[in-house]
Amino acid sequence: MRKKTFAAAVLLAAATLTLSACGGSDSGSPVASVSQETGKRAVTVLDQPFTKPALVLTDTQGKPYDLRKETAGRPTLVYFGYTHCPDVCPLTMNNIAVAKKQLPKAEQDDLRVVFVTTDPDRDTPAALGKWLKGIDPQAVGLTGKFATIQAAAYRLGITVEAPHKDKNGKIVSTHGTQVVAFSPKTDAGYLLYGEDATVDDYTKDLPKIVKGENP
Amino acid sequence: MRPIRSARLVAVPATAVAGALLLAACGSDTDGRAELSVQAAYIPQPVSDTMAAGFLTIVNKGDAEDELTSVTSPAAGQVTLHETVGSSMEQVSSLDVPAHGRLVFKSGGNHLMFEMLKNKPVQGATVTVRLHFAASDPLEVEIPVKSATYNPKTGH
């Protein structure tokens, strides 16, 4: 039934596009109807939650940061990205930051937002610190050996590739496509957010996440 | 549930036919040129002082395709075109604007990348860009800078 509805929506959207490409009005609404193709929820509740990876990296102060130790018993969001990413990485981190500010102060302080770089050569502790300060000064930024970061991401079902140079000599990095939320009750990664999750999605769900509940 | 389902099955082909009819009607006024315009342009306020992403839609109402070949801006040392491939982005030298179609730049997909910005774009400001095409004359666009979390679907 759901699949049928989805197929119908796509057909309708396609028809709308054809219409507007020919018609006189170009008010920008077709763009909105295309995006409704992705009419699924931003969050996935995992049947088999992820174990929090045993991960020790370097924080923005240049000090070792043990993910399991530092985030034990705390609601935690983990995202893999890089600061030279102009689009999805800052959008994801800003969406979380704006939603977080709407929590009561004590819950803001309790929540751990952890940004793990996938581009550790360029994202030094200082570079990460500067970037995160512009988003959420409380956010934790981690850098270290790429192989260590990649292995931790892999254990959370996230594939990232080592930065490489393209034919113009520019460095191409990859970011994770998902944010993993860990429960303060179980320390397990029980929720996944796709990159189309909005401020509103996080605003609605964070009050549940800080309690370890399902959104 | 059943009655709704059968109603939808009727409605969908009807709409598709209407779309096809209009498309056919369009094909008749041929003058063989692209007719380009820009809509829904925005730059999310960047975190970085020197780098930003930009999004817009180029609409082509004409009968010929065109190609976006470069973008320039007095605000940036360099503006490049990028496609998102998987979870990394790749610079491309040009992008097609199909006849009676559109070239869409949106978050998670194609984007303009502004580098070596002279000033950090702040919300409320505008950034002037010039779009250069293979066939059509350049288009100059004033792109508004929106909040860092601006979502074109909701408009905030």
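What follows draws every value from the coordinates through simple rules; no lab data is involved. None of the values given here were measured: they were computed from a predicted structure. As a convention, Cβ positions derive from the backbone with ideal geometry for all residues, glycine included, and neighbour counts pool all protein chains shown.
Things worth noting here:
- Residue exposure sequence - B:PHE105, A:PHE115 - by fewest surrounding Cβ within 10 Å: B:PHE105, A:PHE115
- Violating pairs (Cα-Cα greater than 31 angstrom) within the set A:LYS211/B:LYS120; A:LYS133/A:LYS204; A:LYS208/B:LYS118; A:LYS105/A:LYS130; A:LYS105/A:LYS185; A:LYS208/B:LYS120: A:LYS211/B:LYS120; A:LYS208/B:LYS118; A:LYS208/B:LYS120
- Share antiparallel - DSSP beta bridges, the range A:70-210, percent rounded to 5: 55 percent
- With q set to 0.09, 0.14, 0.19, 0.20 Å⁻¹, the log10 of I(q)/I(0) for the range A:43-209, from the Debye formula over equal scatterers at the Cα positions, is -0.26, -0.66, -1.29, -1.45.
- Computed E for B:HIS132/A:THR44 - FRET, C-beta separation, R0 56 angstrom, nearest 0.05: 0.85
- Taking Cβ atoms as reference points and 14 Å as the exclusive limit, the residues near A:ARG68 contribute a net charge of +2, counting Lys and Arg as +1 and Asp and Glu as -1.
- Among the trypsin sites (Lys or Arg not before Pro) found in the range A:77-154, those both in a DSSP coil and sparsely packed, with 15 or fewer other Cβ atoms within 10 Å of their Cβ, are A:LYS101, A:ARG122, A:LYS145.
- Sparse packing (at most 10 other Cβ atoms within 10 Å of the Cβ) combined with a DSSP loop state is found for none of the trypsin sites (Lys or Arg not before Pro) in the range A:173-215.
- Share of alpha-carbon pairs per 10 Å distance bin for the range B:36-146, given as whole %: 15, 50, 30, 5, 0
- A cut-off under 9 angstrom between Cβ atoms defines the neighbours of B:LEU95, and their net charge, with Lys, Arg +1 and Asp, Glu -1, is -3.
- Selection of GluC sites (Glu not before Pro), the range B:29-95, meeting DSSP coil and at most 16 other Cβ within 10 Å: B:GLU35, B:GLU65
- Normalised size of the range A:34-116, defined as Cα radius of gyration per 2.2 N^0.38 Å with N residues, equals 1.28.
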